[in-house]
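These notes are about the structure you will find just below.
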Amino acid sequence: ASKQPSSTQIAAVKSACRADYPKVCASVPPGGAPALECLEKNKAKVSPACEKAVSAATGGGGAAATATPAGAAPAAAAPAAAPAVIALRPLRPREELFIVRSACGADIRTLCAGVAPGGGRIVQCISSNAASLSPACKEVLAPFAAR
């Protein structure tokens with residue numbers, strides 16, 4: 001827990017915990033170590049995406065890190081290696097619809113639930129939540145990445 005989270009991990013926590021933070025840490029000013037500590041203490045009360053991002057940023061929280069199931073270890077390492085944002089080229093409406101209806105649908109419902117559709121806002125949301133996207137969604141987005 002003494003290790004400082006990377007800027008990528010902090011960005012992942014901010015985006016994944018946007019809806020959870022006011023519910024569990026309203027009395028703590030956002031940003032900084034106290035906010036992350038509050039989220040860590042309340043991991044049982046937050047969404048799975050937020051919990052995953054907090055665990056990655058805090059190193060899993062002591063004893064919980066040693067009790068991590070074997071299948072979860074690669075997932076914890078992925079956010080540090082994954083880009084914080086996927087830069088996408090401008091998309092046509094048909095391409096956006098394809099992304100929403102593809103393997104990214106579950107990610108969009110989880111990570112971008114409060115985002116109003118239209119104007120490219122949903123695509124912007126998933127591209128800025130790259131660290132939390134499922135591998136299947138990242139695969140769907142790869143052909144649309146800006147070159």
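Any read-out appearing in this document is the output of simple, stated calculations on the displayed coordinates, not a laboratory observation. Since the model is a prediction, treat every value here as computed from it, not as a measurement. When we count neighbours, we look across all protein chains shown, and the Cβ atoms used for this are built from the backbone with ideal geometry, even at glycine.
Taking θ as phi - 60° and the Karplus parameters 6.51, -1.76 and 1.60, the scalar couplings of the stretch 4-19 work out to 6, x, 6, 5, 5, 5, 5, 4, 5, 5, 4, 6, 6, 9, 3, 7 Hz in sequence order, x denoting glycine and proline.
Evaluated at q = 0.18 Å⁻¹, a Debye calculation over the C-alpha positions of the stretch 106-147 (equal weights, vacuum) places log10 I(q)/I(0) at -0.48. A simple spin-label model places the labels of Q4 and A113 3.3 nm from each other, with each point 7 Å out along Cα-to-Cβ. Charge dipole of the stretch 85-147 (Cα centre as origin; +1 on each Lys and Arg Cβ, -1 on each Asp and Glu Cβ, all else neutral): 140 debye, rounded to the nearest 20.
A simple count of charges around C50, restricted to other residues whose Cβ falls under 9 Å of its Cβ and scoring Lys, Arg +1 and Asp, Glu -1, yields +1. With the highest mean first, a sort of the peptides 44-57, 99-112 on other beta-carbon atoms found within 10 angstrom per residue produces 44-57, 99-112.
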